[in-house]
Amino acid sequence: MANLDLQLQGFRLTTAQIYYYFPDYPKLIQEFLWQDYDVAPRFPKLHNFLDFWKKDIDGTLHSVYVANQRLVTVGNLKSFDAQIDY
């Protein structure tokens with residue numbers, strides 16, 4: 001239920017492909033996938049994670065690609081007048 005509450009508050013499922021240089025082999029690029037519920041377009045949770053990465057993880061960032069998707073959306077409501085006689 002916590003995820004549903006977040007989605008109703010405007011959070012979206014956010015995935016970041018993070019490419020970084022492998023510390024022991026600086027010419028080798030690795031990929032790390034990060035996923036969490038975050039608020040677009042500012043992505044505060046992602047920025048906090050990337051700040052942590054820069055401070056505490058040895059791998060230098062190369063690039064970050066971000067995708068997000070609303071999972072809960074407003075449904076389409078179609079109404080019509082009809083009478084069904086049995």
Residues whose placed amide H lies under 5 Å from that of Ala40, excluding near-sequence neighbours: Arg12
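Using only C-alpha positions, report the orientation-averaged shadow area of the convex hull of the range 9-55, nm², one decimal.
Numbers: hull surface 14.4 nm².
Over all viewing directions, the range 9-55 projects a mean Cα-hull area of 3.6 nm².
Just want to confirm a number: the relative contact order over the range 11-64, from Cα pairs under 8 angstrom separated by 6+ residues, in percent.
Numbers: 77 pairs, mean separation 24.2, N = 54.
Averaging sequence separation for qualifying contacts and normalising by length gives 45 percent for the range 11-64.
Only the coordinates and a few stated rules stand behind these numbers; no lab work does. On a predicted model such as this, the values are computed, not experimentally measured, just so you know.
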